[in-house]
1. Restricting the search to the stretch 626-678, which residues are assigned to a helix (DSSP H, G or I), of a type in the set (G, A, S) and either touching a helix residue (DSSP H, G or I) at 6+ places or on another chain (Cβ under 7 Å) or without any contact (Cβ under 8 Å) to a residue 40 or more places away in the chain (or both)?
2. Out of all the residues in the stretch 571-580, is one or more in contact (Cβ under 8 Å) with a residue 40 or more places away in the chain and small (G, A, S)?
3. Which condition breaks for S525 when tested against (1) crowded, with 20+ Cβ neighbours inside 10 Å; (2) more than 28 Å from L233 (Cβ to Cβ); (3) of a type outside the set (V, I, T)?
4. From the list S568, S578, exactly one residue is exposed (fewer than 14 other Cβ atoms within 10 Å of the Cβ), in a loop (DSSP other than H, G, I, E, B) and among the hydroxyl-bearing types (S, T, Y). Which is it?
5. Quick one: in the stretch 74-96, which of the residues that are out of contact with any helix residue (DSSP H, G or I) (no Cβ under 8 Å at 6 or more places or on another chain) and in contact (Cβ under 8 Å) with a residue 24 or more places away in the chain is nearest to I223 (Cα to Cα)?
6. Considering (1) out of contact with any strand residue (DSSP E or B) (no Cβ under 9 Å at 6 or more places or on another chain); (2) under 24 Å from K429 (Cβ atoms), say which one C347 fails and leave the rest.
7. Does I441 meet the test of being within 29 Å of H594 (Cα to Cα) and in contact (Cβ under 8 Å) with a residue 60 or more places away in the chain?
8. Looking at this structure, is I153 β-branched (V, I, T), under 18 Å from F184 (Cβ atoms) and either modelled with pLDDT under 95 or in a loop (DSSP other than H, G, I, E, B) (or both)?
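The values are calculated or read from the model by the stated rules, or taken from the named source; none is laboratory data. Here the structure is a predicted model, which is why all the values come from computation and not from measurement. Here the Cβ is made from the backbone with ideal geometry for all residues, glycine too, and neighbour counts use every protein chain on show.
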Amino acid sequence: MLCTHNTNFDIPMKYKHIFEPLDLGFTTLKNRILMGSMHTGLEEEKNGFEKIAHYYAERAKGGVGLIVTGGIAPSIQGWTGPFSARMTTKKHARKHKLITDAVHKEGGKICMQILHAGRYGYHPFIVAPSKIKSPITPFKPFKLKQSGIKRTIHDFVNCAKLSQEAGYDGVEIMGSEGYLINEFIAKRTNKRTDNYGGDYENRMRLPIELIKQTREAVGKEFIIIYRLSMLDLVEKGSSWEEVVQLAKEIENAGATIINTGIGWHEARIPTIATSVPRAAFTWVTQKMKQEVSIPLITSNRINMPETAEKVLAEGHADMISMARPFLADPEWVNKAKSEKEDEINTCIGCNQACLDHVFLQKVASCLVNPRACHETELNYYKTDKKKKIAIVGAGPAGMSVAAIAGQRGHKVTLFDADKEIGGQFNIAKQIPGKEEFYETIRYFKKQLELHNVIVKLNRRVAVDDLINGNFDEIIIATGIKPRMPKIEGIEHSKVLNYLDVLKFKKPVGKRVAVIGAGGIGFDVSEYLAHEGESTSQNIDAWLKEWGIDKSLKSRSGIEGVVSEIEPSPREIFMFKRSKGKFGAKLGKTTGWIHRSTLKKKKVQFINEVQYTKIDDEGLHYTQNKEQKLLKIDNVIICAGQTPFKELVTPLEEKGIKVHVIGGADIAAELDAKRAINQGCRLAAEL
């Protein structure tokens, strides 16, 4: 059931645009924040409906104005993958009642997204307007016949009616990101010659019929959001004039709201990664506001109240969509309303535990908030047995265990030899495009303060300090130290490790060899290639770097546009011993961005080598049985790390049990996701 019309909402002055109600005529949204659609993997889990009901209910309780679920298929052909979530029967609708009841109980509103994957489906039954394989999935689609198109429209309408029976306040019809509806619209994927192909009037016929028939089926007092691809970012996508034409037709067909979609999944331009500037695409929605009269939602890389308020105040949109920020902090809206933005656990756009998990068919979570999507199993209850706890190391693992243990009521002391908390995050935040790590450190600093954690910095703790402190629990989270490979001349003055460069700011020459092609090697190379500067804080510079036409005169925003790249101040050569792709272990959804960025900066990739020696001449190595010499100013070692746990053995020898977490436990890669998860789960058990 929809809530009755009500405009009696308290509006805080600091974020008055965020908390201005949005009147849709038949119902009113209490604020301008939408929790955007994102698949979590809970949709297909055993007991998944109970888990996802808790997940959405927490966000509703957290104050969000409207929630949109992850994509639900209207048919088996529309699956994103085998046996993925669908809404095709009354039995499905009854199961979804668990979700809608939980959200409504917390005073929230929720729409179900109807998503037909089209050629993006990862199964052999996929269909599309034409028989053209997607570059990101292995199956070639079947071409939909006219009868198949009529059946697909019926499936969407049936799905919407069932969602209404399930108690949803509306639906979002996914017409963006390169899924089925988008495939009909674009010449890139629509080669038909019937009345659903050819001229643009024919290619946009499907979404118009969908909206009209859905509106007829659900009545006037039901929210219909249409997710419109406003910027395709692929060759042979829509022109701006075509996007405007479709938006007007969608409004006339009966949509309540238009939501902004940016980029197809196969586009080779990042749209939601950390390196994308905040609110990088809201100018597109602003341009559309001149063309239609129904409310418009804007999205992509909006993660803090200041940004959201600015976007709304400047008239770029009527509403803000955020998805991953509600993984990071379900209380985002309430904290903004209370003007406690310094307590918000900010989404850093890393994709490591959300999108990467989903693409690997794992349940999503969040690097900075491991409780996300695990609300029924990971909880931080107040302890009835307070303990005195020592934590050594204030990196990601140490900060997380300290904050949660303090929150639960334990008396916690956190030690670190450095002058500031953060550990490896203080390294990461310096990498161009990773400035969001500043927010995570800010968040943990505030949590430590709120929960009365005693923080002792510039303090290298000895074994006796811990023994004499009479602690009930000792946690070692001392992190890692760089691994130095056995290469002749490794002690040469030309040789630096990554901490020398990023932490201690030792000078680096103009011609550099980076040994190691993992995450650290990529970070160091990016740092050196940008001279520490980044376009992630400058929208116009970033758009030029990625070849996006802000005037929208170019089809899809990119056709014929040449990227404008600031040249690297250095020649950089990245080495690795093995063959294969550089950065193969980087995130599934972000690794290509890092490779592309370094290629733009003309970094040279050299693999299948054996290192011979380092001397005054440079780096000697063997490749394909050929001895080679690279003349360089510096060699930077990024060849992994080893656990730094010097306190563990002496304590255990004295019979004292210790917990070892984070890099001190496993140092195969710098893994903040695992470190924070370990810290939170340990704190929940103490």
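1. G662, G663, A672, A675
2. no
3. Condition (2) is where S525 drops out.
4. S578
5. Here the residue is R94.
6. Only one criterion is unmet by C347, namely (1).
7. no
8. no
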